[in-house]
Amino acid sequence: MNKKCLSRFGLLIGISIVTGGALAQQGDAERGQAAAATCTACHQADGSGMNVPNGESWPRLAGLNADYIAKQLHDFKAGQRQNATMVTFANMLDDQQIADVAEYYSQMPVTPGQGGDEADEALLARGQQLAERGDWNAYIVSCQSCHGPGGTGVGSTFPGVASQHAGYISAQLTAWKNEMRSNDPQNLMGAIAKRMSDNDIQAVSAWYATQPGSEEQETAQ
Amino acid sequence: MIICRRSLVITLTGCSLGFGTVYTATVFAQPEERPDAALNMLVHEPPTMEDLENSELHPELKKVIRYGHDLFTNTQQLRGENVFNDMNCSSCHLGEGRVPFSAPVWAAAITLPDFRGKNQHVNNLEERIAGCFAYSMNGVPPEYGSDEMLALSAYHQWLATGAPMYPDKPIYGRGFPAPDEPAEEPDYARGEAAYQQNCSICHQNDGSGHYENGEYVFPAPWGDGSNNWGAGIARVETMAGFIYQNMPLGQPRSLSDQDAWDIAYYINSQERPQDPRYTGDVAETAERFGPTFHNRSLYGQTREHDGHVLGDHDNFGEKGDHKPWNVGMPRFENLSEE
């Protein structure tokens, strides 16, 4: 990253903190660890979550953007994102605890995505195509045009999807497609998910589950 | 040459957009299937990169076309040599330059050489691409005939595979068609509010776009990272067309005509790097290039809310003193009128 980009990135962080308002409440990872005691049953002590075939997969939280996690928890509480399990746990957290657990999980190293290993070559190739180039004949823009190069996330709005569990990604895309999830800004995800076939959803889910979610992870592989 | 063709018409129905509106989007549609498109147009579906792999083109040509595609979608690899802002070709020509209503670039390959109003002479494809480098990329073009120029030209021409040269019908989806004239004159304050509501989550309130870990994600609509004052999109109608037909990403024609014009007016009322045709005086430059260009931009005009004269500066952006060699180059001066 050159100096100009660095300073610009710094400026953006500054802006997002100012404009993030309530979501930008400063979190404390140590307090977050205590508050996260109830989270570990599903999301695991290392934040890795779990891919659950034929069931509800628990997303990896480790290394996700703190403001993104906090927004999701606020959305569960406010009913803007629906999940019977999560609403119960989100309701146990006050605003400060939300900021704290979000900070706690954001600092963990990214863990490997699960659920993509058995995908065949053709499905992975389709997934890579959608991730990197999209399919403009169907007006499906590439995933990376918002989730960033490598799908590792952009700012606090567009979460990292690389190294996320296939079962979780596909459940969320299907929820957007069926209008069961709509807490994205300006319907940016919903508009695309509705144009994706079930095969497309399986393809990107498998692809991203097999991709490194951070530079450290990439080096380790 | 055999190219694996998909069905020409791909239709998406029932896409729910924005605030629950339902519309039918046809990406490469026959005009008669679009109620808003005139009949009797040239509809062309360019080949995809998969088609390239499956084609029987010479392997060396395939390599060059792949390089052209790579330059087109990652033009930042020429940063500091030919590109001095944050843009890629595909920042404006969405969908790898293939998509209708996003200025699909194959159209240039079948309509050039032709007279071009902007520089008042006949341009070929390479000169047209060089223009993009000088203005939209705020840069200095690769030399005519260079590897980069040849690869980009090859990519354009290959996208036009099967389309007739000098077509006698208008081209479906060409350029960035502007939305209908708005009910009210485009307005800065309304544009600012609409920009912040619809655009700034990606492009930022200050218009600087977004880099993530040093890699470009969202392009800058104004400022040093953006196109300079001589770029086509600095004209309000072109910006309005781009926005209306393509933004927010993935939701074409979801904004109202009024919002698209207001946002375009707001964006094009911000500063960007100086026009490389600058004479040293903004009023003189605006007048000299008014009839061919700046009559449709806000260059040289005084911004109402703060009295700022747009383009009244000598900031050429990251390019500094580099001069694009193609700007102002005379052509065909000795041809007779007959």
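The values are calculated or read from the model by the stated rules, or taken from the named source; none is laboratory data. Since this is a predicted model, take the numbers as computed values, not measurements. Reconstructed Cβ throughout: ideal geometry from the backbone, glycine too, with neighbour counts over all protein chains shown. Accessible surface is based on the protein model in full, side chains and every heavy atom, while ligands, DNA and RNA are left aside. Shrake-Rupley method; radii C 1.70, N 1.55, O 1.52, S 1.80 Å.
Yes or no, residue by residue, for (1) modelled with pLDDT under 95; (2) crowded, with 17+ Cβ neighbours inside 10 Å; (3) part of a loop (DSSP other than H, G, I, E, B); (4) out of contact with any helix residue (DSSP H, G or I) (no Cβ under 7 Å at 6 or more places or on another chain):
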{"residue": "B:Glu32", "(1), (2), (3), (4)": "yes, no, no, yes"}
{"residue": "B:Asp36", "(1), (2), (3), (4)": "yes, no, yes, yes"}
{"residue": "B:Lys63", "(1), (2), (3), (4)": "no, no, no, yes"}
{"residue": "B:His69", "(1), (2), (3), (4)": "no, yes, no, no"}
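Could you please give the count of residues in region A:193-221 that are part of a helix (DSSP H, G or I) and either at pLDDT 95 or above or in contact with a strand residue (DSSP E or B) (Cβ under 6 Å, 6 or more places away or on another chain) (or both)? So the answer is 13. Of all residues in region A:162-174, those that are within 14 Å of chain B (Cβ to nearest Cβ) and part of a helix (DSSP H, G or I) total 1.
Only residues that are in contact with a His (Cβ under 9 Å, 6 or more places away or on another chain) and either closer than 21 Å to B:Gln76 by Cα or open to solvent by 70 Å² or more (accessible area, probe 1.4 Å) (or both) were counted in region B:291-300, giving 0.
For region A:29-68, what are the residues that are open to solvent by 20 Å² or more (accessible area, probe 1.4 Å) and polar (S, T, N, Q)? A:Gln33, A:Thr38, A:Thr40, A:Gln44, A:Asn51, A:Asn54, A:Asn65, listed by residue number. Scanning region B:309-331 for residues that are free of Cβ contacts under 8 Å to residues at least 24 places away in the same chain and surrounded by 12 or more Cβ atoms within 10 Å (Cβ to Cβ) yields no hits at all. Every listed requirement among (1) within 14 Å of chain A (Cβ to nearest Cβ); (2) in contact (Cβ under 8 Å) with a residue 12 or more places away in the chain is met by B:Pro186 save one, (1).
Going through (1) in contact with a Gly (Cβ under 7 Å, 6 or more places away or on another chain); (2) part of a loop (DSSP other than H, G, I, E, B); (3) open to solvent by 40 Å² or more (accessible area, probe 1.4 Å) one by one, B:Ala183 falls short only on (1).
The conditions of being touching a strand residue (DSSP E or B) at 6+ places or on another chain (Cβ under 9 Å) and modelled with pLDDT of 95 or more are not met by B:Gly97. For region A:175-206, the set of residues classified as under 18 Å from A:Gly127 (Cα atoms) and more than 13 Å from chain B (Cβ to nearest Cβ) consists of A:Asp198, A:Asn199, A:Ile201, A:Gln202, A:Ala203, A:Val204, A:Ser205, A:Ala206, listed by residue number. Of all residues in region B:186-211, those that are open to solvent by less than 30 Å² (accessible area, probe 1.4 Å) and outside any helix (DSSP H, G or I) total 7.
Those residues that are free of Cβ contacts under 8 Å to residues at least 60 places away in the same chain and within 7 Å of another protein chain (Cβ to nearest Cβ), I need them from region B:196-205; list them, please. Let's see the steps before the verdict.
As a first pass, look at region B:196-205 and keep what is free of Cβ contacts under 8 Å to residues at least 60 places away in the same chain: B:196-197, B:200-205.
Residues satisfying the conditions are B:Ile201, B:Gln204, B:Asn205.
Looking across region A:117-142, the residues that are hydrophobic (A, V, I, L, M, F, W, C), open to solvent by less than 30 Å² (accessible area, probe 1.4 Å) and in contact (Cβ under 8 Å) with a residue 60 or more places away in the chain come down to A:Ala119, A:Leu130, A:Ala131, A:Ile140.
Exactly one residue among B:Thr13, B:Thr21 is under 15 Å from A:Tyr139 (Cα atoms) and either within 14 Å of another protein chain (Cβ to nearest Cβ) or modelled with pLDDT of 50 or more (or both), and that residue is B:Thr13.
Selection within region B:85-123: residues that are open to solvent by 10 Å² or more (accessible area, probe 1.4 Å) and aromatic (Phe, Trp, Tyr). The member of this set that is farthest from B:Ala220 (Cα to Cα) is B:Phe115.
Residue count for region A:155-165 under the criterion of being over 10 Å from A:Tyr68 (Cα atoms) and more than 9 Å from the chain's Cα centre (by Cα): the result is 2. Summed over region B:277-301, residues that are more than 21 Å from the chain's Cα centre (by Cα) and either among the charged types (D, E, K, R) or more than 12 Å from B:Asp314 (Cα to Cα) (or both) total 9. Within region A:198-221, work out how many residues are open to solvent by less than 50 Å² (accessible area, probe 1.4 Å) and free of Cβ contacts under 8 Å to residues at least 60 places away in the same chain. Qualifying residue count, region A:198-221: 1.
Assess whether A:Gly190 counts as being free of Cβ contacts under 8 Å to residues at least 60 places away in the same chain, out of contact with any Gly (no Cβ under 6 Å at 6 or more places or on another chain) and part of a helix (DSSP H, G or I). Write out each step before concluding.
Details: free of Cβ contacts under 8 Å to residues at least 60 places away in the same chain: yes; out of contact with any Gly (no Cβ under 6 Å at 6 or more places or on another chain): yes; part of a helix (DSSP H, G or I): yes.
Yes: the conditions hold for A:Gly190.
Here's the yes/no breakdown for (1) surrounded by fewer than 20 Cβ atoms within 10 Å (Cβ to Cβ); (2) within 13 Å of chain B (Cβ to nearest Cβ); (3) not aromatic (Phe, Trp, Tyr):
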residue: A:Leu93; (1), (2), (3): no, no, yes
residue: A:Tyr105; (1), (2), (3): no, no, no
residue: A:Val110; (1), (2), (3): no, no, yes
residue: A:Ser145; (1), (2), (3): no, yes, yes
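Taken across region A:65-86, residues that are of a type in the set (A, V, I, L, M) and either within 14 Å of another protein chain (Cβ to nearest Cβ) or assigned to a loop (DSSP other than H, G, I, E, B) (or both) do not occur at all.
You will find that of B:Asp306, B:Asp314, the residue that is of a type in the set (Asp, Glu), under 21 Å from B:Ala264 (Cβ atoms) and modelled with pLDDT of 95 or more is B:Asp306 and no other.
Any chance you could count how many residues in region B:139-160 are within 17 Å of B:Phe72 (Cβ to Cβ), open to solvent by less than 30 Å² (accessible area, probe 1.4 Å) and either among the small types (Gly, Ala, Ser) or in contact (Cβ under 8 Å) with a residue 40 or more places away in the chain (or both)? Steps first, answer last, please.
First, pick out the residues of region B:139-160 that are within 17 Å of B:Phe72 (Cβ to Cβ): B:139, B:141-142, B:146-160.
In the following step, the residues that additionally are open to solvent by less than 30 Å² (accessible area, probe 1.4 Å) were identified as B:139, B:141-142, B:146, B:149, B:151-156, B:158-160.
From what's left, either among the small types (Gly, Ala, Ser) or in contact (Cβ under 8 Å) with a residue 40 or more places away in the chain (or both): B:139, B:141-142, B:146, B:151-156, B:158-160.
Number of matching residues: 13.
Residues that are under 15 Å from the mean Cα position of the chain (by Cα), among the small types (Gly, Ala, Ser) and closer than 30 Å to B:Cys199 by Cβ: does region A:128-141 have at least one? Explain how you work it out, then say what you get.
Here is the first cut: in region A:128-141, the ones under 15 Å from the mean Cα position of the chain (by Cα) are A:131.
Still in the running and among the small types (Gly, Ala, Ser): A:131.
Among the residues that remain, those that are also closer than 30 Å to B:Cys199 by Cβ are: A:131.
Within region A:128-141, one or more residues are under 15 Å from the mean Cα position of the chain (by Cα), among the small types (Gly, Ala, Ser) and closer than 30 Å to B:Cys199 by Cβ.
How many of the residues making up region A:112-143 are in a loop (DSSP other than H, G, I, E, B), within 9 Å of another protein chain (Cβ to nearest Cβ) and not small (Gly, Ala, Ser)?
Filtering region A:112-143 down to residues in a loop (DSSP other than H, G, I, E, B) leaves A:112-120, A:133-134, A:139, A:141-143.
In the following step, the residues that additionally are within 9 Å of another protein chain (Cβ to nearest Cβ) were identified as A:133-134, A:139, A:141.
Remaining after also requiring not small (Gly, Ala, Ser): A:133, A:139, A:141.
Qualifying residue count, region A:112-143: 3.
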